[in-house]
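Working notes, beginning with the structure itself.
The values are calculated or read from the model by the stated rules, or taken from the named source; none is laboratory data. On a predicted model such as this, the values are computed, not experimentally measured, just so you know. No Cβ is skipped: glycine too gets one built from the backbone with ideal geometry, and neighbour counts run over all protein chains shown.
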Amino acid sequence: MSGAQDRAEVIKAIKKIPLLSTSAAKLLEITSNSDFDMDELIDVVKCDSALTARVLKVVNSAAFGLVNQISSIDRAISYLGTRTIVTVALEETAGPLFEKKLDGYESQRGDLWRHDLRSAIAAREVARRSKGDLPPDMAFTAGLLHDIGKAVLSDFLHGTCQDVLEEIEQHKISNYLQGEQDRLGIDHTEAGYELAQLWQLPEALKVSILHHHQPAEAPEEFRPLVFAVHLGDIITMMGGCGTGADSLQYQLDKNYVDYFDLAKDDLYLIMLTVEEEFAKLAQSFSDSKENSG
Ligand SMILES: [Fe+2]
Ligand SMILES: [Fe+2]
C-alpha cells in the first residue's frame, strides 16, 4: 500500500475509537482554562456516580495512608488535586487505549500509560519552573495525552522497528517520526491530533499533542505549554521509561531555556519527583481496583 492509502486507513481506525465519557470531556475542557472554577469541576464529578465512587476509592487507598477515611467527594477532590481527578477520569473512560500493548513499537502492555503518567508529572514539574505563568496542572494533562496517537499507529507498524532504527543509525532519517511518516504517510503526533479532534479536546491539548516533538512549531501562545510537554517527555525517556523501540529517538529542542529556569540539578530533581509521585499514584490506582474486586 502507498503512504496515502495507509494514512487513510489510520484515519479510518481513529474514527472507530469510542468518544470520551461526558464527564471526562468536561473535566478536560474546564481544566484547560488557567483560571477555572473548582466548584465547576466538583459538580462534574458529583454528577457521575461511577467517577465519584472511583475517586473515593483512590483517596482511601492504602497508598495515601490516611488515618481517617474520607467520605465527602469535595474533600477527596481537594486532597487529591485537579491532576489526579483528571487522571482517574481519563483512565476510567479511555483505559483500554492507554493500557494497550504497542506491538508496533515492541513495547509491553501498560508501557504507554506508565510513560504518559510519568511524562505528565515531569511536564508539571517543568511548568513549576516556568519563567511565565504556565499552570502546572495544565502541563500535567497535556503530558498525559501527548503520545495517545501511538495507540492507533502501533497497529500499522508491526515489524518495522529494526528498519527504522537502522535508518536512524545510518543517518538516512533524523528521528522516529520520519520513520513513521515514510511508512504510513502519518506519524503518531498527527494521529494523536486526529483523535483529539474527534474527542473535541481543547485547543491547548490538541496543539501539545501535535507539536510535542517540534515545540517551536506550535503557535506562540501555546509554546510554553508545548515545551513543558516536550521536556517532560524527554526527561521520562532519559529516566528509562519510554514506549519501546522509539525511546530517545527524537531531538531535544534546547530553546526550552527561554521558557524555564532549569539548572542541570533540576533535571535530576525532577526525575526523582517523577519516580516518587508515579509510585504513589500507580499504587493508589491498583489498590483501588483490587478493592473493587
Ligand atoms: Fe511522542
Ligand atoms: Fe512520549
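Some values worked out for this structure:
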item: Only one of A53, A24 that is over 23 Å from the mean Cα position of the chain (by Cα) and surrounded by 12 or more Cβ atoms within 10 Å (Cβ to Cβ); result: A53
item: Some residue of the range 192-213 being assigned to a helix (DSSP H, G or I), within 12 Å of ligand 1 (Cβ to nearest atom) and of a type in the set (A, V, I, L, M); result: yes
item: Any hit, the range 236-246, residues being surrounded by fewer than 19 Cβ atoms within 10 Å (Cβ to Cβ), outside any loop (DSSP other than H, G, I, E, B), of a type outside the set (A, V, I, L, M, F, W, C) and out of contact with any strand residue (DSSP E or B) (no Cβ under 6 Å at 6 or more places or on another chain); result: no
item: Flag for D287 being touching a helix residue (DSSP H, G or I) at 6+ places or on another chain (Cβ under 6 Å), within 23 Å of G110 (Cβ to Cβ), modelled with pLDDT of 95 or more and acidic (D, E); result: no
item: When residues of the range 1-35 are limited to those that are at pLDDT below 95 and among the polar types (S, T, N, Q), the one farthest from L184 (Cα to Cα); result: S34
item: Complete set of residues in the range 144-167 that are within 17 Å of Q249 (Cα to Cα) and either among the polar types (S, T, N, Q) or part of a helix (DSSP H, G or I) (or both); result: K150, L153, S154, T160, C161, Q162, D163, V164, L165, E166, E167
